[in-house]
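This report concerns only the one structure given below.
The values are calculated or read from the model by the stated rules, or taken from the named source; none is laboratory data. Being a predicted model, the structure only gives us computed values, none of them experimental. Neighbour counts run over all protein chains shown; Cβ positions are idealised from the backbone, glycine included.
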Amino acid sequence: MDHFLYRNGALHAEDVPLAEIAAAVGTPFYCYSSATLVRHFKAFDEALAGMDHLICYAMKAASNQAILTLMAGLGAGMDVVSGGEYARAKAAGVPGDRIVFSGVGKTRDEMRMALSGGVRQFNLESEPEMEVLNAVALEMGVVAPVTVRVNPDVDARTHAKIATGKSENKFGIPITRAREVYARIARMPGLKAIGIDVHIGSQLTDLEPYRQAFAKVAELTEVLRADGHEIIRLDLGGGLGIPYERGNTAPPLPHEYGAMVQEMLGHTGCEIEIEPGRLIAGNAGVMVSEVIYVKQGEGRDFLIIDGAMNDLIRPAMYDAHHDIVPVIEPAPGVEQQPYDIVGPVCESGDTFAKQRMMAPLAAGDLVAFRSAGAYGAVMSSEYNTRPLIPEVLVQGDQFAVIRKRPSFEEIINRDTVPEWV
Ligand SMILES: *Cc1c(COP(=O)(O)O)cnc(C)c1O
């Protein structure tokens, strides 16, 4: 249940018809359901209820301030991967001790920012980074709480661009080097290791890779404790997948994941931290777009819509599938026909779906891309000087624009022309 349902033949976000939002804000736009965001957060919270835990929303999935404020209000922590995200988390009222700083390339400025504003921990990804953080912390006269992201060398069985837990990926430190690395940290007065971090990838549709990774983390916890390190927290990353294609195999549910975490790691007594992004926001958002033209090609019909790859890049970047549904429910029994659904950008990659079976559509009709809430708006750009599309949040029967569409003037005025041109 994601709160995007047909009612009286019209697709709604909670109690608001999407066509009504389209009339108010224009197309294309992103629309999120608060009830779905809350529901997904609570599903995880309940799944881990038997263990001391904190859910740190991986805000890179969808980082609008309204969404962050909603999450912060539920008691969520945040997983941030840049200084900008850190600033967003603070602006949304998230206390520093609930902000986890992840990412392979943290800069000195970002480290200073988090150490002065407060941080739950840094998840360290390399030995050079350890040395720099140690130096920055010493300069500031503080001790930085850290975990080391270990790379367990397991195959996450997901798309190559979002797998992160194999030894060939740029992420983390090989788990085989962990003892040496923790011993080095123990000799660095600016750092205090408090736990272990692991994140093996995104859109995992199977618990088995997690099971393998968490078995290695459990074993490492024992080994590091025997070496004299105080391991009190395990950060298990994010990555649980969502069903992008209705009727296809369903990914594991949060409670199944929670039971597995309890089974694999409950005995360590550690506080459990998880960083879900996609599972919180993915099915809580849709992108609504209007058909501009129906073009008859040779042997195929194209639906040319006003949304494009710059608005939603997942199909072009990851060959991702999004269910695309008409905003007005087709009459029962209407015969479907295949369409290639494309945007107006001058790249063949600006194709959302090929030979997709749809009820017949005409210019002016609205379509909704399901499961577009995560890695949608945040990855958009203004390529072709197409303004960033608005984001709208719905709660019950109310909706609000939470990021407005910039005018052409605003876009142009961001550039500066030197007088010598
Ligand atoms: C991207 C990322 C996440 C979130 O992944 P999802 O698949 O969106 O749940 C969590 N932790 C880290 C370190 C990440 O890079």
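Please tell me if residue 76 is under 30 Å from residue 11 (Cβ atoms) and either free of Cβ contacts under 8 Å to residues at least 60 places away in the same chain or outside the structural domain of residue 197 (by TED's automatic domain parsing) (or both). In short, yes. Just one residue in the set 382, 409 is among the charged types (D, E, K, R), modelled with pLDDT of 95 or more and in contact with a helix residue (DSSP H, G or I) (Cβ under 7 Å, 6 or more places away or on another chain); that residue is 382.
Among the criteria (1) out of contact with any His (no Cβ under 9 Å at 6 or more places or on another chain); (2) not in a loop (DSSP other than H, G, I, E, B), the one residue 353 does not fulfil is (1). Checked against the criterion of being in the same structural domain as residue 60 (by TED's automatic domain parsing), surrounded by fewer than 21 Cβ atoms within 10 Å (Cβ to Cβ) and within 25 Å of residue 53 (Cα to Cα), the candidates 128, 95, 152 yield just one match: 95. Looking only at residues in region 237-276 that are surrounded by fewer than 24 Cβ atoms within 10 Å (Cβ to Cβ) and near the ligand (Cβ under 10 Å from one of its atoms), the one that is farthest from residue 215 (Cα to Cα) is 242.
Within region 68-86, being surrounded by 15 or more Cβ atoms within 10 Å (Cβ to Cβ) and of a type in the set (A, V, I, L, M, F, W, C) holds for 68, 70, 71, 72, 76, 78, 80, 81.
Contact annotation: no residue pair with Cβ atoms under 9 Å, 6 or more positions apart or on different chains, pairs a residue in region 270-285 that is without any contact (Cβ under 8 Å) to a residue 12 or more places away in the chain and closer than 16 Å to residue 38 by Cα with a partner that is within 12 Å of the ligand (Cβ to nearest atom) and in a helix (DSSP H, G or I). Entry remark, region 148-160: residues being of a type in the set (Gly, Ala, Ser) and either modelled with pLDDT of 95 or more or not in a helix (DSSP H, G or I) (or both) number 1 in total. Every test in (1) under 28 Å from the mean Cα position of the chain (by Cα); (2) closer than 18 Å to residue 247 by Cβ is passed by residue 394 save one, and that test is (2). Filtering region 192-235 to residues that are part of a helix (DSSP H, G or I), of a type in the set (A, V, I, L, M, F, W, C) and within 16 Å of the ligand (Cβ to nearest atom) leaves 213, 214, 217.
Okay, residues lined up against (1) in contact (Cβ under 8 Å) with a residue 40 or more places away in the chain; (2) more than 14 Å from residue 287 (Cβ to Cβ); (3) buried (at least 19 other Cβ atoms within 10 Å of the Cβ):
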{"site": "361", "(1), (2), (3)": "yes, yes, yes"}
{"site": "373", "(1), (2), (3)": "yes, no, yes"}
{"site": "400", "(1), (2), (3)": "yes, yes, no"}
{"site": "406", "(1), (2), (3)": "no, yes, no"}
{"site": "420", "(1), (2), (3)": "no, yes, no"}
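Would region 41-56 turn up any residue that is acidic (Asp, Glu) and in a loop (DSSP other than H, G, I, E, B)? Yes; the residues of region 41-56 include at least one that is acidic (Asp, Glu) and in a loop (DSSP other than H, G, I, E, B). Could you tell me how many of the residues in region 151-167 are closer than 20 Å to residue 317 by Cα and without any contact (Cβ under 8 Å) to a residue 40 or more places away in the chain? Total meeting the criteria: 3. Scanning region 1-14 for residues that are in contact (Cβ under 8 Å) with a residue 12 or more places away in the chain and in contact with a strand residue (DSSP E or B) (Cβ under 8 Å, 6 or more places away or on another chain) gives 2, 3, 4, 6, 9, 10, 11, 13, 14.
In summary, helices (runs of 4 or more DSSP H) completely within region 74-144 and bearing 2 or more residues that are within 16 Å of the ligand (Cβ to nearest atom) occur at 83-91, 108-117. Residues that are modelled with pLDDT under 95, assigned to a helix (DSSP H, G or I) and surrounded by 14 or more Cβ atoms within 10 Å (Cβ to Cβ): does region 161-174 have at least one? Scanning region 161-174 turns up at least one residue that is modelled with pLDDT under 95, assigned to a helix (DSSP H, G or I) and surrounded by 14 or more Cβ atoms within 10 Å (Cβ to Cβ).
Condition check for residue 85 on (1) over 15 Å from residue 277 (Cα atoms); (2) free of Cβ contacts under 8 Å to residues at least 60 places away in the same chain; (3) not basic (Lys, Arg): one failure, at (1). When residue 357 is tested against (1) without any contact (Cβ under 8 Å) to a residue 24 or more places away in the chain; (2) surrounded by 22 or more Cβ atoms within 10 Å (Cβ to Cβ), only condition (2) is not met.
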